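Participant: My questions will all concern the structure given below.
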Amino acid sequence: MTPPRILYCNCTYAQVVPKEVKEAVLKRLCESGVAFDAVADLCEMSARQDASLKRLAEGGAVKIAACYPRAVKWLFHAAKAALPTEAAEILNMRVQSADEVCAALFNPELKPNLPAGKTTKPSAEELPKSEVAV
Amino acid sequence: MSLKDQTALRIVFYEGDGAQSLEAQDRFAAMSRLLEKGFAVTRVAGGGRVAPADRASLLVLGRFDGGRAPQAEDAHGQVHIRFQDISGFDSNRVAATVETVRAETNAAKHGDWKPWFPVIDYDRCTNCMQCLSFCLFGVYGVDEQQRIQVQNNDNCKTNCPACSRVCPEAAIMFPKYKAGPINGDVVSDADLQREKMKVDISALLGGDVYALLRERSEKAKSRFSKERDANKALTERQKCLVKLASAGDIPPEVLMSLPSPEEIARRAEEAMAKAQAALTKQTL
Ligand code: SF4
Ligand code: SF4
């Protein structure tokens, strides 16, 4: 089975993704033997409705290192390039560590995680006790 | 030229047959430099797939054997391909070479505009048109099915998340915003109870610029028209705007650059009419 493609977003035009995380992820990608696509800023591409978003979305299963899955899903949609819900896994460099992001990127197994439908985060009272931070 | 009319140059690092591999640190330095300059870069290697080619111009960089870049063209004549030997180039020289090709091919120049614009989560949006009637800068519009959409994202005021705060469904994201759920983080029940925040903002404003935006009322209009002392009115407005800036997290420079009260009233009415027309068509 062919492993999913890898797409890395450098979030060039804002400082919202920690610099040390995005640099470490890009460095590890460059050191590895894998092929990958890297873009400067998915937001900018979405704003300009860059046609390349279509090829990035439509080339089969993909793992994307960027930010929140909900944001990435609708950024692609805004550029008329819908990501396949069942074949896209988003790694969030705003909150995950470089180690976590790289482990997921280099894992050939795809864990699709695009939000589907209207989801609302449960409040602390609704969560099972084991999931509530103490 | 609108951002949407420009094509981008895609850079490909080639390290296959007929070329030498780059050292990992050189590859990282060159890629980082190009990404910082706004280019999209692909590394092709034996271990994995990349996105297919499209009609964008391609610039293939490599340390080609003998320092000679191959000559090739797309058999279908759809993709414009150039090869460039980068043997002995440092990352600055790679970036300068790419920039020259970008200018020659008339491809998009990146970085002139911070990509700050609303992104709608259609899983949440109920098409209520509040954002359309709120925004004074014509960012929102409707498609043929009267569905809300972001139409003029480069009109959006950098760092201003105001419209996301009027959306009752927390459906408007600014992915480069600092906090959730505006940045795309999962929406919580607490986020949906922001009515309180909205009320606080209107109380704060007590009839000033944003109250006018909200109420669109004749009463508010006549209040502005009675502001005969221009200096006093300006001081008052500035005071309110500073309060709003801190309460609503709206950059002061955005508020200060708002048009005159009369112009605001005119644009607000126009936006309101657009929203009303879309809502009416929906119910037909
Ligand atoms: S998609 Fe996320 S990571 Fe990428 S540029 Fe936009 S905000 Fe930054
Ligand atoms: S205010 Fe929110 S729910 Fe209403 S149309 Fe705009 S995005 Fe949709």
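The values are calculated or read from the model by the stated rules, or taken from the named source; none is laboratory data. Owing to the predicted nature of the structure, the values given are computational and were not obtained by experimental measurement. Neighbour counts are summed over all protein chains in view; Cβ atoms, including those assigned to glycine, are modelled from backbone coordinates with ideal geometry. The protein model used for the area step is the full one, side chains on, heavy atoms only, and it has no ligands, DNA or RNA in it. Shrake-Rupley method; radii C 1.70, N 1.55, O 1.52, S 1.80 Å.
Participant: For the range B:3-104, just say rounded, prolate or oblate: build the C-alpha gyration tensor, square-root its eigenvalues into a ≥ b ≥ c, call rounded for a/c under 1.5, and beyond that prolate if a/b exceeds b/c, oblate if not.
Facilitator: Because its axes are fairly even, with a/c under 1.5, the range B:3-104 counts as rounded.
Participant: Going down the table (A:K19/A:K63; A:K63/B:K157; A:K80/A:K111; A:K111/B:K109), which pairs top 28 Å between alpha carbons?
Facilitator: Where the Cα-Cα span goes over 28 Å, the pairs concerned are A:K63/B:K157; A:K111/B:K109.
Participant: How much length is gained if the chain between B:A103 and B:A24 is pulled fully straight, taking 0.36 nm per residue apart and subtracting their Cα-Cα distance, in nm to one decimal?
Facilitator: Extra length available between B:A103 and B:A24 comes to 25.6 nm.
Participant: Quick one: 3J(HN,Hα) in Hz for the range A:98-109, Karplus 6.51/-1.76/1.60 with θ = phi - 60°, rounded, Gly and Pro as x.
Facilitator: Whole-Hz 3J(HN,Hα) from phi for the range A:98-109: 4, 4, 5, 5, 5, 4, 6, 5, 8, 7, x, 6.
Participant: For chain A, what is the mean residue ellipticity at 222 nm derived from helices alone (per DSSP H run of n ≥ 4: -39500 (n - 2.57); sum divided by total residues; nearest 500 deg cm²/dmol)?
Facilitator: Result for chain A, helices only: -9500 deg cm²/dmol.
Participant: For chain A, what D do you get in µm² per second when you plug the Kirkwood radius from alpha-carbon pairs into Stokes-Einstein at 20 °C and 1.002 mPa s?
Facilitator: Result for D is 137 µm²/s.
Participant: Mean separation of Cα pairs under 8 Å and 6+ residues apart, divided by the residue count of the range B:3-104: what relative contact order is that in percent?
Facilitator: In percent, rounded to a whole number, it is 31.
Participant: While we're on this one: So if I restrict to the alpha-carbon atoms in the range A:30-88, what is the Rg, and what is Dmax, the biggest pairwise distance, in Å?
Facilitator: Looking at the range A:30-88, its Cα Rg and Dmax stand at 11.3, 33 Å.
Participant: Which percent of the accessible area of chain A is formed by carbon and sulfur heavy atoms (probe 1.4 angstrom)?
Facilitator: 56 percent
Participant: Also: Using the Karplus equation 6.51 cos²θ - 1.76 cosθ + 1.60 (θ = phi - 60°), what ³J(HN,Hα) coupling, rounded to whole Hz, does each residue of the range B:82-90 give in order, writing x for Gly and Pro?
Facilitator: 10, 10, 9, 7, 10, 4, x, 7, 8
Participant: With a 1.4 Å probe, how much accessible area is buried between chains A and B, both sides summed, in Å² to the nearest hundred?
Facilitator: 4900 Å²
Participant: Please compute the length gained on full extension between B:H80 and B:A96, using 0.36 nm multiplied by the number of residues separating them and subtracting their Cα-Cα distance.
Facilitator: Gain on extension, B:H80 to B:A96, equals 3.8 nm.
Participant: When the Karplus curve 6.51 cos²θ - 1.76 cosθ + 1.60 is applied with θ = phi - 60°, which whole-Hz ³J(HN,Hα) does each residue of the range B:109-114 get, with x for Gly and Pro?
Facilitator: Taking θ as phi minus 60°, the curve returns 9, 9, x, 7, 9, 6 Hz for the range B:109-114.
Participant: Another question about this same structure. Tell me which residues come under 5 Å, amide H to amide H, from A:K121 once H is placed; ignore anything under 5 positions away on its chain.
Facilitator: Residues meeting the amide H criterion: B:V187, B:S188, B:D189.
Participant: Can you give the FRET efficiency to the nearest 0.05 for B:R266 and B:Q151, using r as the Cβ-Cβ distance and R₀ = 22 Å?
Facilitator: Using R0 = 22 Å, I get an efficiency of 0.70.
Participant: Next up: Over the range B:67-159, what is the relative contact order in whole percent, taking alpha-carbon pairs under 8 Å and six or more residues apart?
Facilitator: It rounds to 20 percent for the range B:67-159.
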